[in-house]
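Worksheet for the structure shown next.
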Amino acid sequence: MWIFGYGSLVWRPAFEFLEALPAEVRGFDRRFWQGSEDHRGVPGAPGRVVTLIDAPGARVAGMAYRVSATVAADVIARLDHREQGGYARRSVQLEMAERHEASATLYLATPENEHWLGPAPLEEMVDQIERSAGPSGRNDEYLLRLDAWLRSVGAEDPHVTELADALRARRR
């Protein structure tokens, strides 16, 4: 079984896996449009974390984790708990450099969930990300770690880059 991560799972999977490979999924864009009251914010003051939105022709870079059948049920249970704040499982096709394609499970949030924040002006999103923190840490750390990971694998994500650059510019 394969799991695809495109947010904090790229640097902190926190589950047992057999191998991890950079991968992409087609047909989505990554956006900081999901509220987080359980990880990067608190009730009444949510942070912003990523989800995927439908975008024909687009590609999202992330990490694919191959999980053995013996731990698959435990991994899904852990991820169901970790992603309980508005995320649902979806099956997708991965593209990996070392393999052509594989079916994988990913978690994404949709506008129908109660924590959905949706789009906002850049400065408003940066303000929210800069001031938010929760049990899993500061929201700005989440943004900057995701941006650093994307840069380390040579992946382009204009939305993440724009937010991270605006945050860094504000701190100069």
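See the values below:
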quantity: Residue in region 83-96 that is within 21 Å of Arg145 (Cβ to Cβ), not in a loop (DSSP other than H, G, I, E, B) and not aromatic (Phe, Trp, Tyr) present; calculated: no
quantity: Failed item, numbered, when Val50 is tested on (1) in a strand (DSSP E or B); (2) at pLDDT below 95; calculated: (2)
quantity: Failed criterion for Pro119 (all others in (1) in contact with a Leu (Cβ under 7 Å, 6 or more places away or on another chain); (2) outside any helix (DSSP H, G or I) hold); calculated: (1)
quantity: Lone qualifier among Tyr107, Tyr65, Tyr142 - being surrounded by 11 or more Cβ atoms within 10 Å (Cβ to Cβ), assigned to a helix (DSSP H, G or I), in contact with a strand residue (DSSP E or B) (Cβ under 7 Å, 6 or more places away or on another chain) and hydroxyl-bearing (Ser, Thr, Tyr); calculated: Tyr142
quantity: Test: Arg48 is in contact with a strand residue (DSSP E or B) (Cβ under 7 Å, 6 or more places away or on another chain) and under 22 Å from Asp127 (Cβ atoms); calculated: yes
quantity: Residues that are without any contact (Cβ under 8 Å) to a residue 40 or more places away in the chain and either surrounded by 11 or more Cβ atoms within 10 Å (Cβ to Cβ) or in contact with a Pro (Cβ under 8 Å, 6 or more places away or on another chain) (or both), drawn from region 150-172; calculated: Arg151, Ser152, Thr161, Ala164, Asp165, Arg168
quantity: Filter result (assigned to a loop (DSSP other than H, G, I, E, B), farther than 12 Å from Tyr65 by Cβ, of a type in the set (Gly, Ala, Ser) and touching a helix residue (DSSP H, G or I) at 6+ places or on another chain (Cβ under 9 Å)) within region 1-45; calculated: Gly7, Gly41
quantity: Set Arg66, Arg40, Arg78: member being of a type in the set (Lys, Arg) and more than 22 Å from Gly137 (Cβ to Cβ); calculated: Arg66
quantity: Region 114-136: number of residues that are within 14 Å of Val50 (Cβ to Cβ), of a type outside the set (Gly, Ala, Ser) and surrounded by 14 or more Cβ atoms within 10 Å (Cβ to Cβ); calculated: 6
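The values are calculated or read from the model by the stated rules, or taken from the named source; none is laboratory data. These figures come from a predicted structure and were not determined experimentally. Here the Cβ is made from the backbone with ideal geometry for all residues, glycine too, and neighbour counts use every protein chain on show.
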